[in-house]
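Nothing in this text is a laboratory measurement; each read-out follows from the coordinates by a stated rule. Predicted, not measured: the structure shown is a model, and the values here were computed from it. Virtual Cβ from ideal backbone geometry, glycine too; neighbours counted across all protein chains shown.
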Amino acid sequence: MDTSAPSNAQNDKSSKPWFKRLSLTTWIFIALILGILAGVALQGSPEIADTYIKPFGTIFLNLIKMIVVPLVLFSIIAGVVSLDDVKKVGAIGGKTVLFYLATTACAVTLGLVFANIMNVGAGYTIPTDDISYEATTPPSLIDTLVNMFPSNFVQPMADATMLQVIVIAVVFGFGMIAAGKKAQPVIAVCNSLSDVCIAIMRGIILVAPLGVFGLICPVIANNGIDVLRPLLWLIVVAYLAMICQIVLVYSGIIKLFARISPLKFLKSELPVMGFAFASASSVGTLPLNMECTEKLGVSKEVTSFVLPLGATINMDGTAIYQGVCAIFIAQVFGFDLSLGQQLTVVMTCLLASIGTAGVPGSGMIMLAMVLTSVGLPVEGVALVAGVDRILDMMRTVVNVTGDAAVATSVDAIQKRKNVRAYTR
Ligand code: ASP
């Protein structure tokens, strides 16, 4: 037995220079703090941040966007094929969608409760200068459903329409299962390409701290404290409701279904949260989320299917934001929303968050749909637009943490089911 191994490992660790001893999580948080500080320092001249620092963030996000479509496509195909059974895919898919709907319903309800109890619109007066907002018409539910099914194989990849890419991957995965032996060569190619994408993604993630710095610094430099002040209460209420969703709902399902310590889960998600905060994009955070959730022990078949789906349809932070903003806009415009109307808000937030794309700012566009559903003025969106990015950063943190919590829970349930089937 080699008892010297641990001390060798220790020696190895301590012989590394200090910067190599820090973990990626620590680096991402150092970058986040440095980016915020640099942003504050550059508030007088945001053009410096835009010209010299933002490009690093943009290049990094572009690299992620480049890899995310093939990564999702091949890892879902590999995942579906490895399940080897259409029924099994259906079982995981069904559980996932149920979890996603339930956590989002909790999220909107939390948002509405916080907004009502804390009187989110209190003390805010509508600016005297004309507010106007051009609402873009959000797609209806039926359109969203129809749009899930692409009529073309290439277009969804070019446009990075994630829901359509997922549908293509699942359909091809099923096709390969159905074709049996004849599909073996193409299955091997897909598995291999999935590994290649993962290797590329790991390389990109290594420079995440630089990307985080480049993303957060210009945001802080362009959003001076003056923009925040009048809407500070709205930000406080929304952030509190979002933190509650993480602490109560996600920790709850992790404890109940995954049966692991919520602290362990949250610790493993820290780099993901830091990255989501800086990038405000669930889709951009997807590769890192897959990596961290797998490190926690969740199987690849589950992460490769549940997380991309979540990055596309599960937006709990967005749902909280939309609920809080609906009450805020109702209060400042002097509307009194009845219980029935608040239930309508719950339903529309649920649908609007599903339709929200995992990119910065899309939750605000879907807010228009929520407001129209209960007859609130769409111009209200203009009131909150100034602080959208600040809210977007935190809602993305909640969105991605929710995806990981559901993936971890579904995986644990599935593993227990397999053990039971095996012992029977
Ligand atoms: N930025 C959010 C996300 O990517 C979506 C939103 O705007 O609410 O998850």
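Things worth noting here:
- Cα centroid of the stretch 335-362 to Cα centroid of the stretch 370-424, whole Å: 13
- Gaussian network model of the chain, Cα within-10 Å springs - most flexible of G79, G310, G402: G79
- Added length on full extension, which subtracts the Cα-Cα distance from 0.36 nm per residue, N152 to N119: 7.1 nm
- FRET efficiency, 1/(1 + (r/R0)^6) with R0 35 Å, evaluated for S23 and S45 via beta carbons: 0.55
- The stretch 211-269-the stretch 96-121 distance, computed between alpha-carbon centres (Å): 15
- A simple spin-label model places the labels of A178 and S299 2.4 nm from each other, with each point 7 Å out along Cα-to-Cβ.
- Magnitude of the charge dipole, the stretch 325-424, Cβ model with Lys/Arg +1 and Asp/Glu -1, debye to 20: 820
- Between G402, M369, G323, the Cα set farthest toward the positive side of the dipole of the stretch 311-424 (charges on each charged residue's Cβ, about the Cα centre) is that of G402.
- Theoretical FRET efficiency, 1/(1+(r/R0)^6), r = Cβ-Cβ of R416 and A105, R0 22 Å, to 0.05: 0.35
- Computed from the Cβ-Cβ distance with R0 of 45 Å, the FRET efficiency linking L210 to L248 stands at 0.85.
- Calculated diffusion of the chain, Stokes-Einstein form, Kirkwood radius summed over Cα pairs, 20 °C and 1.002 mPa s, µm²/s: 95
- DSSP H segments from the chain that extend 27 Å or more along their own axis, Cα-based, with Kyte-Doolittle mean of -1.0 or above: 54-83, 86-117, 184-206, 388-423
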